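> This is the structure I have questions about; it appears just below.
The values are calculated or read from the model by the stated rules, or taken from the named source; none is laboratory data. These numbers were taken from a predicted model, which means no experiment stands behind them. Using ideal geometry, Cβ is built from the backbone for each residue, glycine included, and neighbour counts are taken over all protein chains shown. In case anyone asks, the SASA skips ligands and DNA or RNA and just uses the protein heavy atoms, side chains included. Shrake-Rupley method; radii C 1.70, N 1.55, O 1.52, S 1.80 Å.
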Amino acid sequence: MKYMNDVPKVNCINNLNHFNQFLRLGQNEFCEFLVNFLNLEEVRIQVNSLDVLKNWLKVESLDVVMEVPERGDEICVVSQIQVNGVLISYFPYVLKGRYVKLYFKAKSFLTKLSEAISDQISLCYLQDFRGGDWMFGEILARMIVANCISEKKYDGIKFAHLIEKMEQMAVSTFEGEFFPTGVIVSSDFSKYKDNYFEFKTERDINYLDKREWFLANGQESFFLLDSNCKTRGIYRKSMSSLTDFISRYFDEYYLSNDLKTPDFLVRTVGPNEISVSDADHKEFVKIENVWRYRHPKNITQFMVEHLHIEYKVSYAILYYTLKCSRNHISSILWIPMDSSEETIKKYTTSNRVNIWKRKLNLLDESHQVILEKILASDGAIVIEKNGQVLYESVFADMKETNEEKAKLVGSGETAARFLAKNGVAIKISQDGMIKVFAGDEKIYY
C-alpha cells in the first residue's frame, strides 16, 4: 500500500491494543528477517510518539526513508498501518549496517520494501497482532521480493505466487536429477521477437508439468510470461559480444543484452535455490530457506575499498566465488592485505602448495579450468591483489584459536575468520552460502 502523508488516528504505535503481543511474538521474526535479507547489523522498531521520533530525526514531518543524524550506518524507514484508506498509525524502524547508505540512495527500493511491510503489519493489526511469528517470515519475504522487483504495471501479489511456484520447482527433480528452469516476466513480448519459440496455444504456468518446465533451463532459455502469468513460448537469449570472459559471465547471467526495464527474471539456480533479478542487476536469492538481497556492485566496491585493488580483480574474485557457490563447491579464497612470505607464514601451516613455474591469474581465461579444479581442492587459495595466485591448498595455522568455538561454527568458517585478520577471506559452503570476512566484519552475499 502507498504511503499516506496524513495525521494518524493513533500518535504512537505502542498505544495500539495488543501491540505488545506483536513485540513478544513478531518483533524477533521481523527484525531477524530484515537483518538476513539486507545484510544488516541490527533492526530496531521505534515505539516512541511521533513528536519524539521527529525530534530525534530532526525533521518536521516523517517520510518513507530518512537519515539518522550523526549516525552514518543508520537510516529510518517508515511503514504504516492503513485500513480502508484510513491511516491508523505509523510503523517506523531503524536499519543499521554497512550498506544502508547505498540503500538510502536507492529510495525506490526502500519505498517498495516499506509498502510490502505496510501490507503485512496492517493485516497483523486486523488480527489483533496475532500471527506475528509467522506473518513476518516466508510470506513477508515473497511479498517484499515481488514488490521490489515488479514495477507499477505488475501486480506484486500475482508474482508472490510465481515465486512460490518457482520455490516448488527448486526442489523438484526430472528423471531423478535436479534441473534448472526460469521465466522472463514482460508486458511487451515484442521486445523478445527474435529467438522466440512460440507455442500453438497459450499456456498457464499453474498447469505446466515438470517435463514442460524442463524445456527452459533458466540459463540460456526462459519461458516468457505476461502480467497474468500466462506463457506463449520460450525465449532463447542472445549471444554476448564481449570478449572478456568475466564481463561476459555477468552480462549473460543478468541478460544485459535482452532484459528491458521493467521486466525481470525468476529462476531456479540450484537445488532449493532460486533467484529473482531485474535489468539493473538487483537480485534476491533464496538459499537454504533464507532470502537475501544482493548486488554485484556492493560486494565488489567493498573489496576495492578494503583491499585497494582494481575493480577488474574484484569482479574476477566474485566470478570465481559465484562459480563455486552455484556448483555447490566448498572453498575459501583469501586475498591478504600483506602477501609477503613472512606474513603468510604467520597465518598458515608450512605445507603451502606452489607447483607452477608461471603464476596462475584469475584474469586469464586460459587458466580458468585449472583454477576451478584448485578451488575444489582442500584448503584455501591465496590470491594477490593483482589477481595472481600465490599459493593453493593452504591451511590456516589455528593453534591459537578457541577449539570449542571452531567446533561450534565449523572449521572452514573459523579458518576464514582467522585469515581475514590480514585482508579478506571468502568462505563458500557446499550449500551455496557465501560469507565474506574482513577483519572482525562478516558479510553474507
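> Distance in nm between label sites at R71 and D251, each 7 Å beyond Cα in the beta-carbon direction?
My value for the distance between the label points is 4.4 nm.
> Now for a different question. Any idea of the accessible area per residue across the chain, 1.4 Å probe, to the nearest Å²?
On a per-residue basis, the chain sits at 46 Å².
> To continue, here is another question. Ratio of segment 2-139's C-alpha Rg to 2.2 N^0.38 Å, to two decimals?
Cα Rg divided by the expected 2.2 N^0.38 Å: 0.97.
> Over segment 323-396, one equal point on each Cα, no solvent: what is log10 I(q)/I(0) by the Debye formula at q = 0.12, 0.19 Å⁻¹?
-0.30, -0.76
> Ranked from highest to lowest mean number of other Cβ atoms within 10 Å per residue, what is the order of the peptides 20-32, 45-57?
Ranking the peptides 20-32, 45-57 by packing returns 20-32, 45-57.
> Turning to a different aspect of this structure: Can you name the helices of the chain, as whole DSSP H runs, whose Cα span along the helix axis is 24 Å or more and whose Kyte-Doolittle mean is not below 0.0?
The answer, listed by residue number, is 107-126.
> Related question: With a cut-off of 16 Å, note down the residues of segment 265-302 whose backbone N falls inside the zone around a label point 7 Å from the Cα of N327 toward its beta carbon.
Label zone hits: 270-271.
> N17 to R130: extension gain in nm, 0.36 nm per residue of separation minus the Cα-Cα distance?
So the extension gain works out to 39.5 nm.
> Going by average Cβ density within 10 Å per residue, which order do the peptides 212-219, 88-95, 421-428 take, highest to lowest?
So the peptides 212-219, 88-95, 421-428, ranked by packing, come out 421-428, 88-95, 212-219.
> Please list H367, H281, H161 from largest to smallest accessible area, probe radius 1.4 Å, with all protein chains kept in place.
The residues order as H161, H281, H367, largest area first.
> Also, I was wondering about something else. What aspartates and glutamates could a cross-link reach from K191, if we take a straight Cα to Cα line under 20 Å and drop same-chain neighbours fewer than 8 places away?
In chain and number order, the partners are E151, E202, E220, D226, D251, E252, D258, D263, D278, D280.
> How far, in nm, would the chain grow between S61 and R203 when pulled straight, counting 0.36 nm per residue and subtracting the alpha carbon separation?
46.2 nm
> For a protection proxy built on the mean count of beta-carbon atoms within 10 angstrom, sort 79-85, 386-392 highest first, please.
In descending order of packing, they fall as 386-392, 79-85.
> A 24 angstrom limit on the alpha carbon distance is what I want to check against. Which of K112/K442; K112/K237; K2/K105 exceed it?
Checking Cα-Cα distances, K112/K442; K112/K237 exceed 24 Å.
> Separate question: Using a 1.4 angstrom probe on heavy atoms only, work out the carbon and sulfur share of the accessible area of the chain in %.
The nonpolar share, carbon plus sulfur, comes to 47 percent.
> Then there is this: Could you tell me what fraction of 2.2 N^0.38 Å the Cα radius of gyration of segment 202-241 comes to, as a two-decimal ratio?
Normalised Cα radius of gyration, segment 202-241: 1.23.
> Select from segment 277-375 those trypsin sites (Lys or Arg not before Pro) which occupy a DSSP coil region and have at most 15 other Cβ atoms within 10 Å, ordered by residue number.
Listed in order of number, the matching sites are K357, R358, K359.
> For K101 and E212 in one chain, what is 0.36 nm times their gap in residues minus the Cα-Cα distance, to one decimal in nm?
Computed gain between K101 and E212 is 35.6 nm.
> What 222 nm value per residue comes from the helices of the chain, counting each DSSP H run with n ≥ 4 as -39,500 (n - 2.57) and dividing by all residues, nearest 500 deg cm²/dmol?
That comes out to -10000 deg cm²/dmol.
> Give the distance, in whole Å, between the Cα centre of segment 32-73 and the Cα centre of segment 282-301.
Result: 23 Å between the Cα centres.
> Amide H neighbours of V83 under 5 Å, at least 5 residues apart or on other chains, H built in the peptide plane: list them.
Answer set, sorted by chain and number: I88.
> If you don't mind, another one. Would you list D440, D364 from the most to the least accessible area, probe 1.4 Å?
D440, D364
> Round to the nearest 10 and report in Å² the accessible area of D194, as given by a 1.4 Å probe over the protein chains' heavy atoms.
Ignoring ligands and nucleic acids, D194 comes out at about 100 Å².
> Now for a different question. Among [x] 73, 61, 36; [y] 70, 50, 42; [z] 138, 76, 37, which one is Cα extents along the principal axes in Å computed from these coordinates?
Identified label for the calculated read-out: [x].
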